[in-house]
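The values are calculated or read from the model by the stated rules, or taken from the named source; none is laboratory data. Values in this document were obtained by computation on a predicted structure and should not be read as measured data. All Cβ positions, even for glycine, are placed from backbone atoms using ideal geometry, and neighbour counts span all protein chains on display. Accessible surface is based on the protein model in full, side chains and every heavy atom, while ligands, DNA and RNA are left aside. Shrake-Rupley method; radii C 1.70, N 1.55, O 1.52, S 1.80 Å.
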Amino acid sequence: MHLVKGKTAIITGASRGIGHGIALAFAKQGANVAFTYLSSDEKARALETELAAFGIKAKGYKSDAANYKAAEELVNQVVAEFGTVDILVNNAGITRDTLLMRMSEQQWDEVMNANLKSVFNLTKAVTKPMLKARYGSIINMSSVVGVKGNAGQSNYAASKAGIIGFTKSIALELGSRNIRCNAIAPGFIETEMTAVLDEKVVQGWRDGIPLKRGGTVDDVANATLFLASDMSAYITGQCLNVCGGMLT
Ligand SMILES: NC(=O)c1ccc[n+]([C@@H]2O[C@H](COP(=O)([O-])OP(=O)(O)OC[C@H]3O[C@@H](n4cnc5c(N)ncnc54)[C@H](OP(=O)(O)O)[C@@H]3O)[C@@H](O)[C@H]2O)c1
């Protein structure tokens with residue numbers, strides 16, 4: 001099955017973690033993949049090679065999603081090199097966790113710019129080619145923390161909650177042009193980052209999840225693939241919780 005065959009996708013922040021998994025899932029299903037990263041040059045080159053092995057066109061761009069001008073330039077470059085943009089996955093994100101009492105203005109601004117302003121920057125830039133084609137699927141990576149809140153993550157939670165409001169608004173604005181916009185709220189996803197945490201602590205988190213396990217990168221990538229493909233052609237303005245029932 002080739003769920004996104006011949007489509008061109010931009011995925012932000014794909015040099016590692018969830019974005020990396022999404023890039024692989026899309027390439028396996030026939031999409032051409034333009035992905036971004038901030039500093040991991042070697043990992044980006046390795047991913048280009050890995051993706052190209054699926055017989056699709058793939059290219060990594062060093063581009064700061066938080067920078068409005070850079071996002072505009074990126075989309076122009078992708079349109080010039082790939083011909084169009086059918087799918088946008090706003091995945092890039094960072095954390096600067098601390099309690100509000102200790103949070104600096106810089107920690108607030110960095111998270112807002114990388115997580116929320118980036119979504120505005122890229123979405124705004126892709127609307128031109130998507131409106132022209134009267135086709136598009138935009139997927140924004142939120143978090144269960146954006147739905148529920150989390151002590152020590154007020155900046156991150158606010159940015160992820162903002163993404164949900166933005167997603168619903170864009171779905172309302174662009175639905176009539178056949179451009180869909182949905183969000184995904186992953187729960188506890190086990191990545192290289194969580195592998196270094198204390199096993200007892202992590203097991204405690206797993207025990208609290210109805211499905212009794214942490215999520216995998218593939219769990220999130222598969223949900224993203226569904227929302228990117230025409231399998232979800234009648235779904236827009238939604239936030240899909242990929243959290244093993246954590247929010248239930
Ligand atoms: N992991 C979880 O449990 C979890 C749960 C809920 C939601 N999420 C969300 O899912 C997304 C991916 O998370 P992850 O755990 O896979 O993160 P990750 O492993 O830290 O990877 C983040 C990726 O984003 C890139 N990036 C960071 N800032 C960027 C910027 N300003 N411009 C362009 N690229 C940038 C990084 O590039 P470099 O490698 O070059 O730095 C990297 O490729 C994030 O939005 C996160 O908030 C994750």
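Contact order for segment 8-242, expressed relative to its length and based on alpha carbon pairs under 8 Å spaced 6+ residues apart, stands at 20 percent.
With all protein chains kept in place, the per residue accessible area of the chain amounts to 49 square angstrom at a probe of 1.4 angstrom.
Ranking request for peptides 156-164, 66-74, 192-200, 87-95: highest mean number of other beta-carbon atoms within 10 Å first, then the rest in descending order.
Order by mean packing, descending: 87-95, 156-164, 66-74, 192-200.
With respect to the chain, whose longest principal axis is taken over its alpha-carbon atoms, helix 68-82 is tilted by about 50°. Dividing the mean sequence gap of close Cα pairs (under 8 Å, 6+ apart) by how many residues segment 36-77 holds gives a relative contact order of 40 percent.
Element breakdown for segment 45-199 at a 1.4 angstrom probe: carbon and sulfur atoms account for 54% of the accessible area. Once the whole set of protein chains is in place, how much accessible area is left on C239, using a 1.4 Å probe, in Å² to the nearest 10? The value for C239 is about 40 Å². A Cβ-based charge dipole, computed about the Cα centre of segment 8-242 with Lys and Arg at +1 and Asp and Glu at -1, lands at about 560 debye. Average projection, convex hull of the Cα set of segment 30-117: 6.7 square nanometres.
In this structure the amide hydrogen of I138, modeled in the peptide plane, comes within under 5 Å of the amide hydrogens of L88, R180, C181, N182, none closer than 5 places in sequence on its chain.
Summarising the label geometry, the points placed 7 Å from Cα in the beta-carbon direction at K200 and N67 lie 4.6 nm from one another. Kirkwood analysis of the Cα pair distances in the chain returns a hydrodynamic radius of 18.1 Å. Each 5 Å bin from zero up to the one holding the largest Cα-Cα distance in segment 174-215 carries the following percent of pairs: 5, 19, 22, 15, 8, 6, 8, 8, 6, 3. Each part gets one Cα centre, and for segment 86-104 versus segment 1-74 those centres are 20 Å apart. Each stretch of four or more DSSP H residues adds -39500 (n - 2.57); spread over every residue of the chain, this sum gives -14000 deg cm²/dmol at 222 nm. For F188, the residues whose amide H sits under 5 Å from its own are G215, ignoring neighbours fewer than 5 places away on the same chain, with H placed 1.01 Å from N.
Note: relative contact order over segment 50-124, using C-alpha pairs below 8 Å and six or more positions apart, is 40 percent.
Helix 217-228 versus the longest principal axis of the chain: what angle, 0 to 90°, nearest 10, using Cα atoms? The answer is roughly 40 degrees.
A Förster radius of 25 Å combined with the Cβ-Cβ distance from R177 to F120 puts the calculated FRET efficiency at roughly 0.85.
The candidates W205, W108, arranged from most to least accessible area with a 1.4 Å probe in the full protein assembly, appear as W205, W108. Each residue, T191 and D207, gets one label point 7 Å from its Cα in the Cβ direction; the gap between the two is 2.7 nm.
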